[in-house]
Amino acid sequence: MTTREKAIAIAEAALEKKAYDLMVLEVEHLKSVADYFVVATGRSDVQVQSIARGIEERMLRDGVRPLSIEGVTHAHWIVLDYDDVVIHVFQEPARDFYRLERTWSDAHEMALPEPYRTQARDLRLAHA
């Protein structure tokens with residue numbers, strides 16, 4: 001599985017759990033800690049945990065284990081580290097506060113293939 005394929009599989013798993021405002025950011029050119037950041041929003045701690053669990057289950061089916069998972073208990077911001085792809089799943093207030101996509105303003109948003117592009121577009125929150 002290539003890094004790009006991994007990022008797309010993670011996006012698919014997040015969208016299956018109705019993740020809002022999903023973005024896949026290409027950050028490899030920034031010499032960061034990963035090639036891609038996947039950023040998503042859940043509307044409650046339960047949904048944030050469900051999104052993270054769905055991603056973890058999907059990656060395990062593909063034989064990929066996370067290096068670490070942080071933030072599951074409180075679920076305001078869960079980070080799943082898959083080495084070259086790092087996932088940030090936020091509750092709305094935390095996403096609005098940290099706005100990683102602004103912090104990484106030099107990152108390029110990866111265009112998802114269909115049908116994921118349409119699903120992600122349809123799962124935008126009203127204020128986004």
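The values are calculated or read from the model by the stated rules, or taken from the named source; none is laboratory data. Every value quoted in this text rests on a predicted model; they were computed, and no experiment measured them. For neighbour counting, all protein chains shown are included, and Cβ atoms are generated from backbone atoms with ideal geometry for every residue, glycine included.
The test for being in contact (Cβ under 8 Å) with a residue 24 or more places away in the chain, surrounded by 12 or more Cβ atoms within 10 Å (Cβ to Cβ), assigned to a strand (DSSP E or B) and among the small types (Gly, Ala, Ser) does not hold for ALA34.
The residue that is surrounded by the most Cβ atoms within 10 Å (Cβ to Cβ), counting only those in the range 85-128 that are in contact with a strand residue (DSSP E or B) (Cβ under 8 Å, 6 or more places away or on another chain) and within 17 Å of GLN49 (Cβ to Cβ), is VAL89.
Per-residue answers, yes or no, for (1) surrounded by fewer than 18 Cβ atoms within 10 Å (Cβ to Cβ); (2) under 22 Å from ASP106 (Cβ atoms); (3) in contact (Cβ under 8 Å) with a residue 40 or more places away in the chain:
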{"site": "ASP45", "(1), (2), (3)": "yes, no, yes"}
{"site": "ILE51", "(1), (2), (3)": "no, no, no"}
{"site": "ILE55", "(1), (2), (3)": "no, no, yes"}
{"site": "ASP83", "(1), (2), (3)": "yes, yes, yes"}
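For the residues ILE69, ILE55, the requirement of being at pLDDT 95 or above and either touching a helix residue (DSSP H, G or I) at 6+ places or on another chain (Cβ under 6 Å) or not hydrophobic (A, V, I, L, M, F, W, C) (or both) singles out ILE55.
Going through the range 29-40 one residue at a time, which ones are modelled with pLDDT under 90 and among the hydroxyl-bearing types (Ser, Thr, Tyr)?
SER32
Within the range 14-28, does at least one residue satisfy the condition of being at pLDDT below 90, loosely packed, with under 15 Cβ neighbours inside 10 Å and in contact with a Phe, Trp or Tyr (Cβ under 8 Å, 6 or more places away or on another chain)? Among the residues of the range 14-28, at least one is at pLDDT below 90, loosely packed, with under 15 Cβ neighbours inside 10 Å and in contact with a Phe, Trp or Tyr (Cβ under 8 Å, 6 or more places away or on another chain), which makes the answer yes.
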